[in-house]
Amino acid sequence: MRMPDPDEQAIGRRRQLVEGLRRIVPGEGVIVDEESLTAYDCDALSAYRQRPLAAVLPETVDQVSRVLRLCGELGIKVVPRGGGTSLSGGSLPVADGIVLAMGRFNRILEIDLANRQARVQPGVTNLAISKAVDADGFYYAPDPSSQIACSIGGNVSENAGGVHCLKYGMTSNNVLAVEFVTLEGEVIRFGGGYDQPGLDMMGLLVGSEGLLGVITEVTVRLLPKPETQRAALIGFPSNRRAADAVAAIIAAGIIPAGMEMMDKPAIKVTEDFVHAGYPLHVEALLIVELDGPKVEVDHLLAEVEKIAKENGAETCVVSETEAQRLTFWAGRKAAFPAVGRISRDYMTMDGSIPRGQLPDVLDHIAELSEKHGLRVANVFHAGDGNLHPLILFDASKPGELEAAENFGADILRKCIAVGGVLTGEHGVGIEKRDLMSEQFSEVDLDQQRRLKDVFDPAGLFNPGKVFPLLHRCVADGRMIVSAGANYAFPDLPRF
Ligand SMILES: Cc1cc2nc3c(=O)[nH]c(=O)nc-3n(C[C@H](O)[C@H](O)[C@H](O)COP(=O)(O)OP(=O)(O)OC[C@H]3O[C@@H](n4cnc5c(N)ncnc54)[C@H](O)[C@@H]3O)c2cc1C
């Protein structure tokens, strides 16, 4: 009898997978045709693309559980996906795996104002939570600029931040419980109240980048809306002066709700796009927002203005109306798409540094821009030292994508060198994966790897992300390739 060749085996395995998936998720919930799969080829790090075997859109926890069990049995890789807005390639598919798209998990299950919490499905967008409780005077604090599109499941997986995280914390500080499903199909809950006995297992799930399981429910903390919110728009003659003002404001004991900075190229491009009233003659701009009781906000804003002037501020406008405050933010929040108008492609970097290092690191980024021959615009969460240099390039020009990658890597190396970290809020994904060994020792990496193995010994969840490809196995000194590490698998034959 003739043995089936490898192509026939692959086709047979894929057919078995698709038939199994269709038994679990009926109707339109299993996508295999090439055209429809295009929608899942990439996330917001769109320089990298990969067609998956199939995309599956479950609607119930039981379906998620059965899909994962099937994939576990067949050895099929699984890439969980929320809104697909990851900037680190976190939800980039693999050619020999499925995308588990959680968009149909889009219901707010319970709003419990007495306990100031909401139980939501992971596909609910970040902004939808705040909108749902707005009329009752509450909101959900972490506010990534992508909040209209990104999902709370994706926020938990990336430990997302936003402009107001300086005062209110990241996703990790605002999530009270998470339900997730393992590859064996088991449904597990971590957290559940304001204080839990035992180990803090939730800390494992928040920021786990889809490597440990599929999140099927999230309980978030709701906060009462502040009585007053006002923002100051402050222009400086140099990045250094603005960065000094940031350090001085924090040193004075003031914790603004948000403190964002933009350099000259970023000011120009956002002002051209949004017309937020940003001063075009300054070199750097701070948006400093204070919130709380009116008397306190007014007092602290006067302090901020005084500190800014002491540090050379040239202009200072304080919002007098809510509409004006929102206009100040509109420019900042639209900075990424605004950059997209002046450059065919751009890469959004995300590293964190100690605040005191801001001036030197910004100078260094300007030098790197010369070295790599690419423009850069800086927009960032200055208050918490989280940089977002936007590297402008044109992928259709030979060598520019590589130059942008090298430029980005050099920026992140500098962040590590000054005592910072590889990521502030966008996660590691594929983007920073190969720099992990510059931040962590082999022992550190091995321990992280072992933690993943506890949940996913076969390495089927989101392979090729976070862990560097070449990685020394500490136990016996061997160099190994992380399980499923290569995301650029050759395409399997299709139906
Ligand atoms: C214009 C723009 C502005 C942005 N601004 C910010 C910002 O201010 N702050 C910030 O932090 N980020 C920002 N981001 C990045 C991005 O929006 C966040 O990382 C967000 O948390 C991703 O959510 P998502 O639903 O799109 O997740 P996806 O991109 O779909 O996935 C991200 C990761 O989460 C995993 N995942 C998704 N859903 C699940 C689930 N249910 N279970 C398990 N794993 C899951 C995926 O496998 C992947 O690893 C921005 C992105 C863009 C495009």
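The values are calculated or read from the model by the stated rules, or taken from the named source; none is laboratory data. Values in this document were obtained by computation on a predicted structure and should not be read as measured data. Here Cβ is always computed from backbone atoms with ideal geometry, including for glycine, and neighbour counts include all displayed protein chains. Surface areas here come from the heavy atoms of the whole protein model, side chains and all, with no ligands, DNA or RNA. Shrake-Rupley method; radii C 1.70, N 1.55, O 1.52, S 1.80 Å.
Among bridges DSSP assigns within the chain, what percent are antiparallel (round to 5)? Each step should come with its number before you reach the end.
On the way: 60 of 69 bridges.
Beta bridges within the chain, antiparallel portion: roughly 85 percent.
If one computes the Cα centroid of the range 172-210 and of the range 231-266, what distance in Å separates the two points?
If you average the Cα positions of each part, the centres end up 36 Å apart.
Over the range 343-417, calculate the relative contact order: mean separation of alpha carbon pairs under 8 Å at least 6 apart, over the residue count, as a percent. Working shown, then result.
On the way: 113 pairs, mean separation 31.3, N = 75.
Value for the range 343-417: 42 percent.
Given a Förster radius of 35 Å and the C-beta distance between residue 268 and residue 421 as r, what FRET efficiency does 1/(1 + (r/R0)^6) yield to the nearest 0.05? Intermediate values should be presented prior to the final figure.
Working: r = 30 Å, r/R0 = 0.85.
For residue 268 and residue 421, the calculated efficiency is 0.75.
Could you work out the relative contact order of the range 55-210, using alpha carbon pairs under 8 angstrom and six or more residues apart, expressed as a whole percent?
Details: 271 pairs, mean separation 33.8, N = 156.
Value for the range 55-210: 22 percent.
How far apart, in nm, are the 7 Å Cα→Cβ label points at residue 134 and residue 360?
4.4 nm
With charges set only on the Cβ (+1 for Lys and Arg, -1 for Asp and Glu), what does the dipole of the range 111-224 come to about its Cα centre, in debye to the nearest 20?
Details: 6 positive and 12 negative charges, 62 e Å.
In debye, rounded to 20, the range 111-224 gives about 300.
So which GluC sites (Glu not before Pro) in the range 227-332 pass both tests, a DSSP loop state and at most 14 other Cβ atoms within 10 Å of the Cβ?
Working: sites: 227, 260, 271, 283, 289, 296, 303, 305, 310, 314, 320, 322; in loops: 227, 283, 314, 320.
Listed in order of number, the matching sites are 227, 320.
Label residue 309 and residue 8 with points 7 Å out from Cα along Cα→Cβ: what is the distance between them in nm?
Each label point lies 7 Å from its Cα, and together they span 8.5 nm.
Counting alpha carbon pairs within less than 8 Å and at least 6 residues apart, what relative contact order, in whole percent, applies to the chain?
Details: 1061 pairs, mean separation 73.3, N = 495.
Across the chain, relative contact order equals 15 percent.
Can you give the charge dipole size of the chain about its Cα centre, rounded to the nearest 20 debye, using +1 on the beta carbon of Lys and Arg and -1 on the beta carbon of Asp and Glu?
Values: 49 positive and 67 negative charges, 114 e Å.
Once rounded to the nearest 20, the dipole reads 540 debye.
For every other residue with a beta carbon closer than 11 angstrom to the beta carbon of residue 352, add +1 if it is Lys or Arg and -1 if Asp or Glu, then tell me the sum. Spell out each step's value before the answer.
Working: positive: 355; negative: 350, 384, 425.
Local net charge: -2.
Long-range amide H contacts for residue 95: which residues qualify at under 5 Å (H placed 1.01 Å from N, peptide plane, sequence gap of 5 or more or a different chain)?
Counting only residues 5 or more places away or on other chains, the set is 489.
Considering only the other residues whose Cβ falls under 9 Å of the Cβ of residue 467, what net charge follows from Lys and Arg at +1 and Asp and Glu at -1?
Values: positive: 433, 449, 452, 465; negative: none.
Local net charge: +4.
So for the chain, taking the charge dipole from beta-carbon charges (+1 Lys/Arg, -1 Asp/Glu), which of 165, 56, 357 sits furthest toward the positive end?
Towards the positive end, the residue furthest out is 56.
What does the net charge come to around residue 65 if you take all other residues with beta carbon closer than 10 Å to its beta carbon, with K and R at +1 and D and E at -1? Working shown, then result.
Numbers: positive: 66, 69; negative: 62, 184, 186.
Here the charged neighbours net out to -1.
For the chain, what % of the accessible area comes from carbon and sulfur atoms, probe 1.4 Å?
On the way: 10650 of 20350 Å².
Carbon plus sulfur share of accessible area: 52 percent.
With a 1.4 Å probe and every protein chain left in place, work out the accessible area per residue of the chain in Å², rounded to a whole number. Let's see the in-between values first.
Numbers: 20350 Å² over 495 residues.
Here the residues of the chain average 41 Å² of exposed surface.
Rounded to the nearest 0.05, what FRET efficiency do residue 323 and residue 451 give with R0 = 60 Å and r taken as the Cβ-Cβ distance? Could you check? Display every interim value, and only then the final one.
Values: r = 48 Å, r/R0 = 0.80.
After rounding, the FRET efficiency stands at 0.80.
Projected onto the charge dipole of the chain (+1 at Lys/Arg Cβ, -1 at Asp/Glu Cβ, origin at the Cα centre), which of 185, 304, 237 gives the Cα projection farthest towards the positive end?
The residue sitting farthest along the positive end of the dipole is 185.
Taking the Cα centre of the chain as the origin and placing charges on Cβ (Lys, Arg +1; Asp, Glu -1), which of 207, 454, 321 is farthest toward the positive end of the dipole?
The residue sitting farthest along the positive end of the dipole is 454.
For the residue pair residue 298 and residue 23, what label-to-label distance in nm results when each label sits 7 Å from Cα along the Cα-to-beta-carbon direction?
7.1 nm
For a protection proxy built on the mean count of beta-carbon atoms within 10 angstrom, sort 425-435, 377-387 highest first, please. The partial results should precede the final answer.
Numbers: 425-435: 23.6, 377-387: 25.7.
Ranked by mean Cβ neighbours within 10 Å, highest first: 377-387, 425-435.
Set the Förster distance to 45 Å, then compute FRET efficiency between residue 36 and residue 444 from the Cβ-Cβ distance, nearest 0.05. Present the calculation step by step, with values, prior to reporting the outcome.
Values: r = 41 Å, r/R0 = 0.91.
After rounding, the FRET efficiency stands at 0.65.
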